[in-house]
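J.: One structure, as structure tokens, below. Some questions next.
The values are calculated or read from the model by the stated rules, or taken from the named source; none is laboratory data. The model shown is predicted, which means the values in this text are computed figures rather than measured ones. With ideal geometry, Cβ positions are generated from the backbone for all residues, glycine too; neighbour counts draw on all protein chains shown.
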Protein chains: 2
Amino acid sequence: MKQVIGKANINIALCKYWGKADPVLVYPTTTSISFTLDKFYTVTTITAQANQDQHTIDINHKPANAGDVEKVSKFLEHFSDGEKVHVSSINHVPIKAGLASSASAYAALAIAANTYFKKHYEPARLAQVTRFGSGSAARSIFSHFVKWEANSDRILPIDAPMMDLGMFVIMIDASEKRIASRQAMEISKTTSWIYKEWVKRANEQAQVMEAAIKKQDFHQIGSIAQDNALSMHMTMMSSKPSIVYFQPETIEIMHHLLTLQATCKDFYFTMDAGPNIKVLVMHQDKEVVRNKLLKFVTPEKLIYSHYGREAHLLEP
Amino acid sequence: MKQVIGKANINIALCKYWGKADPVLVYPTTTSISFTLDKFYTVTTITAQANQDQHTIDINHKPANAGDVEKVSKFLEHFSDGEKVHVSSINHVPIKAGLASSASAYAALAIAANTYFKKHYEPARLAQVTRFGSGSAARSIFSHFVKWEANSDRILPIDAPMMDLGMFVIMIDASEKRIASRQAMEISKTTSWIYKEWVKRANEQAQVMEAAIKKQDFHQIGSIAQDNALSMHMTMMSSKPSIVYFQPETIEIMHHLLTLQATCKDFYFTMDAGPNIKVLVMHQDKEVVRNKLLKFVTPEKLIYSHYGREAHLLEP
């Protein structure tokens, strides 16, 4: 039976994507820059099916809900000329980690669909298509540092060697249902009094970030990433209504990290549209930093990941 | 024995003072607007003393530390022509409430010193002098709504009747030593990427706030106050280093309040340079709001205060 299996990692943006300049074309207001994490990924299998009335979709061994069926089916129209397939997607992202798995999910689906439906798009074109599934998924098509330019669909790797980076994810439970990123970024864009300034500054930061990546300057990369993430959260919080992704534990850990940073420059932190904190380190420093983090974080809440590779097909 | 007793309340700014336009003249960058709370106050007694080598100062029945002796002695130079007195100051502010008592302390000292040393400054002039002790203390010289205009020493009551307002203070312990306001506002002013925009917007808000006070429009007063306070905290957090006055409990309670506000417009909240949250209500609604707050705050953490009067001398 015809079958293709794709795998893709999540990616963490060092310069964030927060708001669409064009919601239909999915052009972002800011240039985002990311790298992938090998520990968190999705494996998606596309299989031919006999009954071709509609796509059938399983996520984590269970039939997907109607909303996901609709979204995935719509996304598959970018590839399929009418054939309806069976999609089975397994997210290897720890439960309750609050890590958005849509980045790895749509990148894995895209890489599998690209072969299954014989589109054979080049990676740059595939990333452009992937953005219609989930904006951040587009960056997971590539390995290394990936840049998505503001006001465009130019999504390409940065021409620099990958640094030996890693990241601790500190898992913090969300006790409140959080607002979906898609909706939250639109609220920020239309109501935050610092949104315009956020865009201007984030785009300047992305330029400096790209230069820092080319210079392999960990401290500049880290300090821009930390500033950029906090600035994004300020932009969220200054929206109406105020969008607060911080949880009590987020603040507790942030106080510890800020205090540590007064004397230690081994790490920087970033956050996405959720309560978790991600700590960026050079791979060689991971044990030193782990020991520091363990003074205020229990071991089971700490997951380390090395950088990961691009979306790819799995060998049978 | 010659003795004068002064009393002054703390005041809560609805439009905040966060940064000096001129540190020597103590001119603020933003127009602040406050009202006083009757529950939290300082009573200060100035007594003649035989040994006149230096001022002697007791705070809460204990000799003041060297730093406070120096600050208070320096402040008394605005009134005394050389006479050295005994000052005894009692703060009626709950211990660990994290409420800055310097506002009531310097206003009480000023009102007592004004009579003791026979300066007899009019209130407007007395407020100008008081600002050299503590900026926010200047507003505690007056009752009702008080405005301190940006870039100036014009500190005057707003010409409008006092509304029947009250405030719940939700006491949240600070588990970390927080940075002093004086230093924090300077860091914000020199390093926050949104400081300029904060100033511009806060000054626009103060104008709308004054009009809302004259119209007695509780909802506009409240919503501007809440926005202004969160904006100040965003300005703090976007500083380098990031100044975070939020504590874990602050965030927990803020989530509850924001959720409540989706359906209830009986209250708005504000925060100062500390972890506590203050909930602004119309006095008539206090029991309704108290019951809502008690769903996530224990009774002993909730202190209600009605609005209070201006700094004044106590009858013997």
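J.: Which residue, of B:189, B:147, is in the same structural domain as residue B:109 (by TED's automatic domain parsing), crowded, with 20+ Cβ neighbours inside 10 Å, at pLDDT 95 or above and among the charged types (D, E, K, R)?
T.: Result of the check over B:189, B:147: B:147.
J.: Look at segment B:127-161 and say how many of its residues are under 18 Å from residue B:24 (Cα atoms) and not aromatic (Phe, Trp, Tyr).
T.: Total satisfying the criteria: 18.
J.: Based on this model, can you work out whether residue A:136 counts as surrounded by fewer than 24 Cβ atoms within 10 Å (Cβ to Cβ), in contact with a helix residue (DSSP H, G or I) (Cβ under 7 Å, 6 or more places away or on another chain), of a type in the set (Ser, Thr, Tyr) and in the same structural domain as residue A:16 (by TED's automatic domain parsing)?
T.: No, not satisfied.
J.: Filter segment A:174-218 down to the residues that are more than 27 Å from residue B:196 (Cβ to Cβ) and in a helix (DSSP H, G or I), then identify the one that is farthest from the chain's Cα centre (by Cα).
T.: It comes out as A:215.
J.: For segment B:227-245, check the following and say yes or no: at least one residue is of a type in the set (A, V, I, L, M, F, W, C), within 12 Å of another protein chain (Cβ to nearest Cβ), surrounded by fewer than 22 Cβ atoms within 10 Å (Cβ to Cβ) and assigned to a loop (DSSP other than H, G, I, E, B).
T.: Looking for residues that are of a type in the set (A, V, I, L, M, F, W, C), within 12 Å of another protein chain (Cβ to nearest Cβ), surrounded by fewer than 22 Cβ atoms within 10 Å (Cβ to Cβ) and assigned to a loop (DSSP other than H, G, I, E, B), one finds at least one in segment B:227-245, hence yes.
J.: Another one. Output the qualifying pairs, or none if there are none: Cβ atoms under 7 angstrom, residues six or more apart or on different chains, first residue in segment A:46-64 and in contact (Cβ under 8 Å) with a residue 60 or more places away in the chain, second residue crowded, with 16+ Cβ neighbours inside 10 Å.
T.: Hits for this filter: A:46/A:4; A:46/A:85; A:46/A:87; A:46/A:112; A:46/A:113; A:46/A:116.
J.: Where the second residue is among the aromatic types (Phe, Trp, Tyr) and not in a helix (DSSP H, G or I) and the first is within 12 Å of residue B:266 (Cα to Cα) and lies in segment B:206-224, which pairs have Cβ atoms under 7 Å and are six or more apart or on separate chains?
T.: From residues that are within 12 Å of residue B:266 (Cα to Cα), the pairs are B:222/B:268; B:223/B:268.
J.: Still on this structure, please answer the following. Does segment B:44-55 include one or more residues that are among the hydrophobic types (A, V, I, L, M, F, W, C), within 27 Å of residue B:164 (Cα to Cα) and at pLDDT 95 or above?
T.: No, segment B:44-55 contains no residue that is among the hydrophobic types (A, V, I, L, M, F, W, C), within 27 Å of residue B:164 (Cα to Cα) and at pLDDT 95 or above.
J.: Write out, first by first residue and then by second, each pair whose Cβ atoms fall under 9 Å of each other, whose residues are 6+ apart or on separate chains, and whose first residue, in segment B:101-119, is buried (at least 24 other Cβ atoms within 10 Å of the Cβ) and at pLDDT 95 or above while the second is assigned to a helix (DSSP H, G or I) and charged (D, E, K, R).
T.: B:107/B:139
J.: Something else about it: List every residue pair whose Cβ atoms lie under 7 Å apart, where the two residues are 6 or more positions apart in sequence or sit on different chains, the first residue falls within segment B:251-262 and is facing chain A (nearest Cβ under 7 Å), and the second residue, located anywhere, is surrounded by fewer than 17 Cβ atoms within 10 Å (Cβ to Cβ).
T.: B:255/A:176; B:258/A:241
J.: If you don't mind, there's one more thing I want to ask. Name the residue that is farthest from residue A:192 (Cα to Cα), counting only residues in segment A:14-50 that are surrounded by 24 or more Cβ atoms within 10 Å (Cβ to Cβ) and aliphatic (A, V, I, L, M).
T.: Out of the qualifying residues, it is A:46.
J.: What are the pairs with Cβ atoms under 8 angstrom where one residue, in segment B:284-304, is more than 22 Å from residue B:94 (Cα to Cα) and the other, located anywhere, is part of a helix (DSSP H, G or I)? Sequence gap at least six, or different chains.
T.: B:292/B:260; B:295/B:256
J.: Residues of segment A:238-249 being out of contact with any His (no Cβ under 8 Å at 6 or more places or on another chain) and under 21 Å from residue B:270 (Cβ atoms), which ones?
T.: Listed by number, the residues that qualify are A:238, A:239, A:240, A:241, A:242, A:243, A:248.
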